[in-house]
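Engineer: The structure's right below; bear with me while I get my questions together.
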Amino acid sequence: MAGRINAEDIRALREQADLASVASDYTALRRAGGTLKGLCPFHGERTPSFTVDPAKGVWHCFGCGEGGDVFGLLMQAEALSFPEAVEHLARREGYPLRYEELSPGQRRAIGRRTRLAQVTAAAAAWFRAQLAGQDGADARAYLARRGLEEATLERFAVGWAPDAWDALTRHLREEGFTGQDLVDAGLATEGRRGPMDRFRGRVIFPIHERSGRDVVAFGGRVLPDRELRTGPRDGDPPKYLNSPETELYRKSEVLYGLAQARAEIQRRQTAVLVEGYTDVLALHQAGVGHAVATCGTALTAEHLRQLERYGRTVVLALDADEAGYRAADRARALAADVGIRELRVLPLPPGTDPADLAAQGPEAVERALAAARTATEFQIEQVLRTASVDTPEAQAEAYRATFPLLARLRDRAVRYGYIRDAVAPRVRLPADRIEGELDRALAAGEVSPDDPVAVGEHAGAAQRAAPSPDRQSSQTRLAGRPAEPRDPQLRRERDVLQLALQQPHLLPEAWTKVTEDDFTAEVSRRLLRAVRAAASARLDDVLAALADDDERARVRALALSEPKITEERKAAEEVAWLRAATLEREIAALTERLRSLHPEADRDEADRLFARRSELERARRQLTDPHGG
């Protein structure tokens, strides 16, 4: 909706930004020759392999293979889209961005959305101030009893709405907003005497959109054992009250805490999904920075799509009861539609919530998360939890009750794994017997495998734990330092191309005569084409001329590796050797052709080839010994 960011602004911002300063926000850097090195912020390591070249404006990790420019760094570190990364950096640098291709209708919509975002931002600041004031004393005491520290409350901008009919409305009107602005932002409702506050006598939890830039909605919780003066005439007020849907807020698409959690979700490739606002705060305070919550609504496919952007695994904190079983079953179906690779369940003991777990300390939380079960395993356990296995009839009834779950697992090896590890031990029968009966039931149509729920989570985990040989070798090639070729030809191709990337000013005039024929490796030819096609000798222009991310990763690694050639004389020798090797290959081919000719019948062809070979040998000698010495 905001239109396309002006391309000149993107280019200027990239050149203006200090890559080393941005990278230092995520890892400590030390000078190492012409580059900076540190521990990679994107994977665990003990030896620094994260390399930053401020002059070239690129970074690369030789451990995990990630790399790019300053926008790529922010996209990876903060889990941002490209436009979000540009806007993030622009705010950091104080650079005003221009937007293009806005229709009049879009401009009006953006103007309205901006106005509503200003209203919610002003409301969030006011709520925060009320919590710190005299009227917020009871709310502060309640939050302290929940074990929430001030730093956590500050990070999530927790506030307080006084128990008054129109305190926020009056304040925002004094700030220049209209009553309609407040109603449209979901902060007020129309009363008989005009707008009145929607949130009254509640602890306030601002809800941000995923980039963290705008507050889009609020959740409010009444204090326990405190009667609202402005409550309903009949009955008790709802424990939680949330903003209605507005231009800014669609509750089926927004997750509480995602703005604060997404970088950690991306780092861990895992999101922990809970239900309550205070659960999120408590978990973050306990070091579980990848926790988020739905905003007072049921889990939706769009919620999972949001999480799938940042990590492959979702852990659901669910009650270990029938309601938890149903929630896991529904989540499995949604995950299958969205493509979540792994869905796990963290069962909670009766009467406890994630905040209670967080109160036990970070180590207890990490142990619980490490023991989280796959959704299938959790559901099987729930089916068998109260099953009797005292008689053969009871055993058969128990394991047959798991067949609808097992039938969903189309991978036979995965299905057998669940039978062996989760079903057979509980019913005290051989896994092969259970599998055989399940096969018969499937063949007879007594159990249908055509369930929409995704197949085994264990299979995905196993595949990730042990990648195929092809995938493994590809990861090693891309992540590790560029391998030193054994073949002298390939080694020289690599060294000359590295020189073209790092110090093109050292290349001799003869470099202009080098062609793709002087390179034997296809990857070398592609890089030469990119160097020649690039708008300039700058590395980012060369990277832009490459075909895919794999090639860009290899080239970044090559550009940031220790240079092999540092002198003009050596550069000239290597280029001359490269061209001479091409002539040598042509000479060898001509010699082989001459051997195949008949000395009498092919005399004219032989004379021509002899002359051509002599010409090539003179050119080769000139390259290898230009002074005739």
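Every number here is computed from the coordinates shown, using simple stated rules; none is lab data. These figures come from a predicted structure and were not determined experimentally. Heads up, the Cβs are rebuilt from the backbone with ideal geometry, glycines too, and the neighbour counts pull from every protein chain shown.
Engineer: Packing-wise, with mean Cβ within 10 Å as the measure, how do 27-39, 307-319 rank, highest first? Write down the numbers at each step before the final one.
Structural biologist: On the way: 27-39: 15.6, 307-319: 21.5.
In decreasing order of mean packing, 27-39, 307-319 become 307-319, 27-39.
Engineer: Would you grab the residues whose amide H sits under 5 Å from the one on residue 146? Only those 5+ places off in sequence or on another chain, please, with H modelled 1.01 Å from N.
Structural biologist: Hits under the 5 Å cutoff: none.
Engineer: Could you give the angle, 0 to 90 degrees to the nearest 10, between helix 488-502's Cα long axis and the longest principal axis of the Cα atoms of the chain?
Structural biologist: 60 degrees
Engineer: Calculate, for residue 520 and residue 321, the FRET efficiency according to 1/(1 + (r/R0)^6) with r their C-beta to C-beta distance and R0 60 Å; round to the nearest 0.05. Mind dumping the intermediate values first?
Structural biologist: Details: r = 67 Å, r/R0 = 1.11.
Plugging the Cβ-Cβ distance into 1/(1 + (r/R0)^6) gives 0.35.
Engineer: Please list, in chain and number order, the residues 5+ apart from residue 272 or on another chain whose amide H is under 5 Å from its amide H, with Hs placed from the backbone.
Structural biologist: Excluding prolines and chain starts, which carry no amide H, the hits are 291, 292, 315.
Engineer: Using only Cα atoms and rounding to the nearest 10 degrees, what angle (0 to 90) does helix 603-624 make with the longest principal axis of the chain?
Structural biologist: The helix 603-624 is inclined about 70 degrees to the chain.
Engineer: Would you grab the residues whose amide H sits under 5 Å from the one on residue 217? Only those 5+ places off in sequence or on another chain, please, with H modelled 1.01 Å from N.
Structural biologist: It is 207, by chain and number.
Engineer: In the chain, what % of DSSP beta bridges are antiparallel (nearest 5)? Numbers along the way, then the final one.
Structural biologist: Numbers: 35 of 49 bridges.
Bridges in the chain are about 70 percent antiparallel.
Engineer: Quick check on packing: order 371-381, 505-515 by the mean number of other C-beta atoms within 10 Å, highest mean leading.
Structural biologist: Working: 371-381: 21.5, 505-515: 13.9.
Listed from highest to lowest mean packing, they are 371-381, 505-515.
Engineer: State the Cα centre-to-centre distance between region 253-317 and region 202-234 in whole Å.
Structural biologist: That distance is 19 Å.
Engineer: Quick one: divide the alpha-carbon radius of gyration of the chain by 2.2 N^0.38 Å and tell me what you get. Don't skip to the end; give the middle numbers.
Structural biologist: Details: Rg = 32.8 Å, N = 629, 2.2 N^0.38 = 25.5 Å.
Taking N as the residue count of the chain, the ratio is 1.29.
Engineer: Would you work out which of 64, 29, 12 lies farthest towards the positive end of the dipole of region 4-100? Charges go on Cβ: Lys and Arg +1, Asp and Glu -1.
Structural biologist: Looking along the dipole axis, the top candidate is 29.
Engineer: Now a separate question. Among 143-151, 272-280, 249-257, how do they line up by average Cβ neighbours within 10 Å per residue, starting with the highest?
Structural biologist: Details: 143-151: 14.1, 272-280: 25.1, 249-257: 21.2.
Top to bottom by mean Cβ count within 10 Å: 272-280, 249-257, 143-151.
Engineer: I've got another one for you. Which lysines, on any chain, are close to residue 564 with Cα under 27 Å apart, when same-chain ones fewer than 8 places away are left out?
Structural biologist: Qualifying lysines at Cα under 27 Å: 37, 56, 513.
Engineer: Just going by the charge dipole of the chain, with Lys and Arg at +1 and Asp and Glu at -1 on Cβ, which of 97, 273, 147 is farthest out on the positive end?
Structural biologist: Of the candidates, 97 comes out farthest on the positive side.
Engineer: A further question on this structure: So if I take the alpha carbon set of region 257-443, get Rg, then get Rh from the Kirkwood formula, what is the Rg over Rh ratio?
Structural biologist: Values: Rg = 17.6 Å, Rh = 17.4 Å.
Over the Cα atoms of region 257-443, Rg/Rh equals 1.01.
Engineer: Let me ask another. Reachable lysines from residue 251, Cα under 19 Å, same-chain residues fewer than 8 places away excluded?
Structural biologist: Within the straight-line cut-off, residue 251 pairs with 239.
Engineer: On to the next question. As an exercise, use a Förster radius of 41 Å and the Cβ-Cβ distance of residue 137 and residue 93 to find the FRET efficiency, rounded to the nearest 0.05.
Structural biologist: Numbers: r = 41 Å, r/R0 = 1.00.
So, using R0 = 41 Å, E works out to roughly 0.50.
Engineer: Here's something else I'd like to know. Along Cα→Cβ, 7 Å out, is where each label goes; now give me the distance between the ones at residue 440 and residue 11 in nm to one decimal.
Structural biologist: Modelled inter-label distance: 7.4 nm.
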